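> Here's a structure for you.
The values are calculated or read from the model by the stated rules, or taken from the named source; none is laboratory data. Worth saying up front: this structure is predicted, and the values here are computed from it rather than measured. Glycine gets a Cβ as well: all are built from the backbone with ideal geometry, and neighbour counts include every protein chain shown.
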Amino acid sequence: MNPILVALDVPDAEAAVSLATQLTPYVGGFKVGLELLMGEGPDVIRRVGALGAPVFADAKLHDIPNTVRGAARQLARAGARWVTVHGGGGREMIEAAVAGLEGDGESGVLVVTVLTSLGEAQLKETGIDRSLESQVVAITTLAAQAGAEGIVCSVLEAGVARKAAPSLKVVTPGIRSSDAAVDDQKRVGTLTEALDAGADMVVVGRAITAAADVVAAARALAIEAGQSIPPPSERSGGWGESRRSREGGF
């Protein structure tokens, strides 16, 4: 499967559906984040999902286990293929999210390890004395023990996360071209760096959505990821095979 998930960080459902419609032939799925979820509600997941690509509900749930269980269930019922929770909520909370998705098809939990907007100094401000890499490994191990499907970490920690829990999917946000600004993120990398480090999926936002030609940008990244993408005039709407497709798919 195409490993590229596009972050639909736009203010309303119409803009999200319009963008997703243009990009569906070139990417593997879409991320619906807090801006859309808070503005439009879970129905935006249904609308984007109706285009035929999986939707990643990046809700970053972090609450008491019972609340997280119910929230995860609602997102899965709306059609989310993946739901994110913060690893800092602990094993019981992650297990509750996993339980909330039981019976809802192929929905799975992705555990956020350390936000890409944090550096070592910011992590220590939260009271965590271990290094970023050590924290990612700790949360990745916890995610595996709790039955999550995968974890979210930066490109810089993708390799150690893969080694810490080989059975989990590794999702990396913060994908940029080599000469792009990092914006509000501190730990970023290129698409090739992420795939070479062992990432299964990459979340791409502004590298596509802020491009002058979003289709051209998405197509170029898909080709970089090893996808067989025909020219726009010849495309059939199907997805090519990823150079890093793993047994069992995503």
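> Among the residues of the stretch 15-28, count how many are in contact with a strand residue (DSSP E or B) (Cβ under 6 Å, 6 or more places away or on another chain) and free of Cβ contacts under 8 Å to residues at least 60 places away in the same chain.
1
> Can you work out which of the residues in the stretch 157-170 that are aliphatic (A, V, I, L, M) and in contact (Cβ under 8 Å) with a residue 40 or more places away in the chain is farthest from residue 200 (Cα to Cα)?
161
> Moving on. Being closer than 29 Å to residue 9 by Cα, outside any helix (DSSP H, G or I) and modelled with pLDDT under 95 is the filter here, so list the residues in the stretch 125-152 that pass it.
Listed by number, the list holds a single entry, 126.
> The conditions are (1) crowded, with 19+ Cβ neighbours inside 10 Å; (2) modelled with pLDDT of 75 or more; (3) touching a strand residue (DSSP E or B) at 6+ places or on another chain (Cβ under 8 Å); (4) more than 11 Å from residue 4 (Cα to Cα), and residue 176 fails exactly one of them. Which is it?
So residue 176 meets the others, but not (2).
> Something else about it: Taking the stretch 48-81 as the search range and keeping residues that are in a helix (DSSP H, G or I), surrounded by fewer than 24 Cβ atoms within 10 Å (Cβ to Cβ) and of a type in the set (Gly, Ala, Ser), which one is nearest to the chain's Cα centre (by Cα)?
Of everything passing the filter in the stretch 48-81, 49 is nearest to the chain's Cα centre (by Cα).
Residue-by-condition table, conditions (1) at pLDDT 95 or above; (2) of a type in the set (A, V, I, L, M); (3) within 25 Å of residue 220 (Cα to Cα):
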site: 11; (1), (2), (3): no, no, no
site: 62; (1), (2), (3): yes, no, no
site: 70; (1), (2), (3): yes, no, no
site: 83; (1), (2), (3): yes, yes, no
site: 92; (1), (2), (3): yes, no, no
site: 96; (1), (2), (3): yes, yes, no
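> Restricting attention to the stretch 82-103, report how many residues are crowded, with 18+ Cβ neighbours inside 10 Å, of a type outside the set (A, V, I, L, M) and not in a strand (DSSP E or B). Don't jump to the end; show me each part of the working.
Step one: list which residues in the stretch 82-103 are crowded, with 18+ Cβ neighbours inside 10 Å, which gives 82-87, 89, 93-98, 100-101.
Remaining after also requiring of a type outside the set (A, V, I, L, M): 82, 84, 86-87, 89, 95, 100.
Filter once more, keeping what is not in a strand (DSSP E or B): 87, 89, 95, 100.
Number satisfying all stated conditions: 4.
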